[in-house]
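**Q** Below is one structure. I have some questions about it.
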Amino acid sequence: MTKLIHSLMDVESCNSYVDNLYDVDSAKCLDAVIYIKNMIIGSNKAKNMIIQQGITPRLIQLLDDPIGGDDLKLEVIAVIGSLARGDENHIKSLTAAGVIPFLLNNVCASTNPQVIEFALRALQQLFQNEATKTDLLFADPRLVPQLLKLMPLSVCNQISVTSIFTNACKTAEHQAILCANGAVPALAALLNSPVGDVQLAALDAIASLCYQNQRVSALLTVSSFGGKSVTDHLVTLMARDRPVAMQLVAARCLTYLHRAGAISADDGKILYKTLPCLVRMCRKENRRTEKALGAETLAYLIEVDTELQRVASISDHLIQNLSLFLTKSREIPAVQLRGVESFDIEAPSAKEVQNLKQAALRAFASLGANDEDIRKRIIETDQLMDHVVTGLAECDDHRVQLAAVRCLHSLSRSVQQLRTTFQDHSVWKPLMKLLQNADEDILAVASSTLCNLLLEFSPSKEPILESGAVELLCNLTRREDSALRLNGIWALMNMAFQAEQKIKIQILSSLGTDQVFRLLSDHEVGVVMKTLGLLRNLLSTKPHIDLIMAQHGRQIMQAVILILEGEHSPDVKEQALCILANIADGETAKEFIMSNEDVLRKLTNYMSHSNVKLQTAATFCIGNLAWNEDSGCLERQARLRELGVYRILQQLLCTNDATLFEKVKAALQQFS
C-alpha cells in the first residue's frame, strides 16, 4: 500500500513537471528538464514513464529553440543522452521521433563546446544501437568533415566521434566517404594519443574502416604518423604490456588488413605478432569475453591460408584450449595476484556460453579447412561431434548454428570422417532438418556440406536419398543466389555418380529438362560445369544411358549442341564432348549421334582443334562410336571413314600428348 501511494505521488509530481516543460517561462521549462534528467538517471522504469508521456517531440522542439539558450540545450541533450542509455525501445522511440538530425544540427551549428560535446555523446549512444539508421550521417556532405574538425578539440570529442564512425560505417560506400574526407590520417594520429580510451576508440574505427575494403586497407598500410607507420603502431598496441582489450582490437585491425590483401600471410606482423596474440587470447585463464573475441578473430585470420592454419594448430595448445570453450563447467578462480587480472569466478551466463561455443566451432572450422591431420586432431576433441550436432539445432541462436555447420563443412572434407565419425553420429539428420528452413547464409554452407555427404563412399548417401533430398536439391537449383544454385546442382551431380537407375530417373524427373537448359545458360561458369557433370553421371552404364536417352535424348542432344556452339571455355566444351562420349557408349543411344550430321561434323572438327583436351574428348567419343563389339559397328565405322575420321586419327598418331596418343591408338584399333 505504501509503495502504491509513493508511486502515485511520483506520477503526480512527474505530471506537474511535464506540464512545466511546455511553459513559455524558460526558467520553469529549465527546472522541468533538470527534474526529468535527475529522475530518469539509472531508471528504465522512469524512462518508460517519460517516453509514454510523449515528451520527445517537445525535447526536439527545445533543441531547435533559439530563445531557451545554451543552458536549456545542455539539459535537454543530457535527457536525450540518458534516454539513449536505456533499452532498445527507448532508442527506437528517440530515433523514430527524428532526434538524430537535430543533434547533428547542433553539432554543426553550435559554437558552444559543451553543447557540441553533449550532443556528440548522445549521438554516440544512439549509433551504438544496431537498429539506428546510419545513412543520416553520410547523406549530408558537411557532416563527416565537421565531425573530423571537432575531434582535436577534446578527448571526449575524440572518443565520441570515433565511436560514431565505428558504428555508423556499415557499407563500402560509408568507408569510401570517410576515407575521402581524411579519416585515415585523423585516426592514425589518434593511435599516438597518451589516452588509452582514445587509442582504443581509434582502433575500433580503423577496424570498421578497413573491413573487407582493399583500397582503404592499402591506404592504411602506407599511412604513418610521427614517423611511424600505422601497421607499426598497431603492432606496438598489440604488445603484452597493453590492456587485453587493446591487444584484441589491434590484432583485429591487422587481421582485416591481411584479409583485404594489404599484408601477406608470411609478413612478420601477421605470422609472428597477430597470430600468436590471438592464439594467446584463447588460453583458459583469460576472461570469457576475451577468449570468444580472440577465437572469432583468429578464425577469420586463418580461414583461407593453409600455412596460418598449420602454425595455429601447433601453437600454445590451441585445439585443447578451444575444446574447453565447449564445456559449461564453472571456471576455477585463480589466486588474485598484484597486477594480474583474475579469472571469471562467476558461472557463465547463457549468452557467454553461446558466444564461446560459436567462437570455438568457427575456429575449428577454419583450422580444419584444408589439412587432414588437423581435422583428425579436432575430431578427437572430447564430445566435439555432440556439440556440433546440438549446435545445428540451436534455432534461437543463428550464430551458433552457422558456426556449427561451418565446422561440419570443414570436417566433411575428410574421407575417413565421412566413413566413420559422421556415420556414428548421424549428422545428416540435423543437417537435412536445417536445410528445410534455413536462412541463406546457413543454407549456403549446409548445402555445400551436403555435397560432401553425397559422395559415393559416404555411408550417409543412402539415408539422405531416402529423406527426400532430391526434391530439396532441385529446388536449390532454382534459387536466385548463384551459390545455392551451384551447391544444389553439385550435390545432384554427386548423388548421380554410380547411382541406381531409379535415382537417376528421379533426379531428371524432379529437375526437368527445361531447368537443365536454364542451368546450362547460367552466367556462373561453375553452375554450367556441374550441370554438365550431372549429365555425365546420369549417362553412365549402358542400360542407364539407353533408357535415359530413349526418354530425354532429343533434349539432351540439344543441350550438348547449345554448349558446343556457345561462347564457352575449352574446359566447358570438354565436358560437353565427354557427355557425347558417354552417349556413344550406349547400345541404342549411339544413334542419336550417328543420325545427326551436324554433331558428327563437330566431332571431326574438334579432333583437329588446337586444344589437346578437346581433341582427346572428341577422339574418345569416336572410339566409342566405332567400338567393334557393339552391333552395327561396321556400318558406323564406314560412315566415320566417309567423314575422314580414320585419316584424322592416323594424323594424330604423331601427337606428343601421351593421353591423346592412347585415345587415338584405342580408336584406331576399333577400325581394324
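The values are calculated or read from the model by the stated rules, or taken from the named source; none is laboratory data. What you see is a predicted model, and the numbers here were worked out from it, not measured in a lab. When we count neighbours, we look across all protein chains shown, and the Cβ atoms used for this are built from the backbone with ideal geometry, even at glycine. We work out accessible area using only protein heavy atoms, side chains counted, and drop any ligands, DNA or RNA first. Shrake-Rupley method; radii C 1.70, N 1.55, O 1.52, S 1.80 Å.
**Q** For the stretch 351-368, enumerate the residues that are open to solvent by 40 Å² or more (accessible area, probe 1.4 Å) and under 16 Å from residue 282 (Cα atoms).
**A** Listed by number, the residues that qualify are 352, 355, 362.
**Q** Also, I was wondering about something else. Which one of these does residue 633 not meet: (1) over 30 Å from residue 513 (Cα atoms); (2) in contact with a Ser or Thr (Cβ under 9 Å, 6 or more places away or on another chain); (3) among the hydrophobic types (A, V, I, L, M, F, W, C)?
**A** Of everything listed in (1) over 30 Å from residue 513 (Cα atoms); (2) in contact with a Ser or Thr (Cβ under 9 Å, 6 or more places away or on another chain); (3) among the hydrophobic types (A, V, I, L, M, F, W, C), residue 633 misses just condition (2).
**Q** Here is a further query. Condition first: surrounded by fewer than 22 Cβ atoms within 10 Å (Cβ to Cβ), closer than 19 Å to residue 295 by Cβ and not aliphatic (A, V, I, L, M). Now tell me which residues in the stretch 260-280 satisfy that.
**A** Across the stretch 260-280, the qualifying residues are 273, 276, 280.
**Q** Now, a different point. Across the stretch 57-72, which residue is surrounded by the fewest Cβ atoms within 10 Å (Cβ to Cβ) among those that are part of a loop (DSSP other than H, G, I, E, B) and touching a residue at least 12 places away in the same chain (Cβ under 8 Å)?
**A** 67
**Q** Residue by residue through the stretch 295-324, note down the ones that are more than 11 Å from residue 280 (Cα to Cα) and in a loop (DSSP other than H, G, I, E, B).
**A** 303, 304, 305, 314, listed by residue number.
**Q** Among the residues of the stretch 567-582, is there at least one that is under 40 Å from the mean Cα position of the chain (by Cα) and without any contact (Cβ under 8 Å) to a residue 12 or more places away in the chain?
**A** yes
**Q** Report, by residue number, each residue of the stretch 470-492 that is of a type outside the set (D, E, K, R) and more than 25 Å from the chain's Cα centre (by Cα).
**A** Selection gives 470 alone.
**Q** If I filter the stretch 330-337 for residues that are within 29 Å of residue 435 (Cα to Cα), open to solvent by 10 Å² or more (accessible area, probe 1.4 Å) and at pLDDT below 95, do I get at least one hit?
**A** no
**Q** Same structure, new question: Name the residues in the stretch 519-550 that are surrounded by fewer than 16 Cβ atoms within 10 Å (Cβ to Cβ) and assigned to a helix (DSSP H, G or I), would you?
**A** 525, 526, 542, 543, 550
**Q** Ok, one more. I need every pair where a residue in the stretch 175-191 that is under 15 Å from residue 143 (Cβ atoms) and β-branched (Val, Ile, Thr) has its Cβ under 6 Å from the Cβ of a residue that is in a helix (DSSP H, G or I) and open to solvent by 10 Å² or more (accessible area, probe 1.4 Å), sequence separation at least 6 or different chains.
**A** What qualifies is 177/138.
**Q** Those residues that are closer than 16 Å to residue 36 by Cα, open to solvent by 10 Å² or more (accessible area, probe 1.4 Å) and assigned to a helix (DSSP H, G or I), I need them from the stretch 73-89; list them, please. Even if it seems obvious, please write down each step before you answer.
**A** Kept after step one, since they are closer than 16 Å to residue 36 by Cα, are these residues of the stretch 73-89: 73-86.
Those left that are additionally open to solvent by 10 Å² or more (accessible area, probe 1.4 Å): 73-75, 78, 82, 85-86.
73, 74, 75, 78, 82 - these are the residues of the stretch 73-89 that are closer than 16 Å to residue 36 by Cα, open to solvent by 10 Å² or more (accessible area, probe 1.4 Å) and assigned to a helix (DSSP H, G or I).
**Q** Same structure again: Would you please name the residue that is surrounded by the most Cβ atoms within 10 Å (Cβ to Cβ), looking only at residues in the stretch 178-213 that are part of a helix (DSSP H, G or I) and not hydrophobic (A, V, I, L, M, F, W, C)?
**A** Per the stated criteria, the residue is 199.
**Q** Looking only at the stretch 551-593, count every residue that is closer than 25 Å to residue 635 by Cβ and charged (D, E, K, R) and tell me the total.
**A** Number of matching residues: 5.
**Q** Looking at (1) among the polar types (S, T, N, Q); (2) surrounded by fewer than 19 Cβ atoms within 10 Å (Cβ to Cβ); (3) within 21 Å of the chain's Cα centre (by Cα), which one does residue 224 not meet, given that it meets all the others?
**A** (3)
**Q** Here's something else I'd like to know. For the stretch 278-305, name all the residues that are among the polar types (S, T, N, Q) and in contact with a Ser or Thr (Cβ under 8 Å, 6 or more places away or on another chain). Don't jump to the end; show me each part of the working.
**A** Initially, the stretch 278-305 is screened for residues among the polar types (S, T, N, Q), giving 286, 289, 297.
The one that is among the polar types (S, T, N, Q) and in contact with a Ser or Thr (Cβ under 8 Å, 6 or more places away or on another chain): 297.
**Q** Now, a different point. Out of all the residues in the stretch 551-610, which are farther than 25 Å from residue 526 by Cα, in a helix (DSSP H, G or I) and of a type in the set (Asp, Glu)?
**A** 591, 597, 598, listed by residue number.
**Q** Can you find even one residue in the stretch 622-641 that is β-branched (Val, Ile, Thr) and within 45 Å of the chain's Cα centre (by Cα)?
**A** Going residue by residue through the stretch 622-641, those that are β-branched (Val, Ile, Thr) are 622.
From the residues that got through so far, the ones that are within 45 Å of the chain's Cα centre (by Cα) too are none.
Within the stretch 622-641 (the criterion being β-branched (Val, Ile, Thr) and within 45 Å of the chain's Cα centre (by Cα)), the answer is no, since none of the residues qualifies.
**Q** Here's another thing I want to ask about it. Could you say whether any residue in the stretch 591-611 is under 45 Å from the mean Cα position of the chain (by Cα), basic (Lys, Arg) and open to solvent by 80 Å² or more (accessible area, probe 1.4 Å)?
**A** no
**Q** To continue, here is another question. Can you confirm whether the stretch 241-256 contains a residue that is crowded, with 22+ Cβ neighbours inside 10 Å, of a type in the set (Ser, Thr, Tyr) and either in contact (Cβ under 8 Å) with a residue 40 or more places away in the chain or in a loop (DSSP other than H, G, I, E, B) (or both)?
**A** yes
**Q** Please find, among 94, 103, 74, 83, the residue that is in contact with a His (Cβ under 6 Å, 6 or more places away or on another chain) and at pLDDT 85 or above.
**A** 83
**Q** Considering only the stretch 643-665, how many residues are touching a residue at least 40 places away in the same chain (Cβ under 8 Å) and within 16 Å of residue 626 (Cβ to Cβ)?
**A** Number satisfying all stated conditions: 8.
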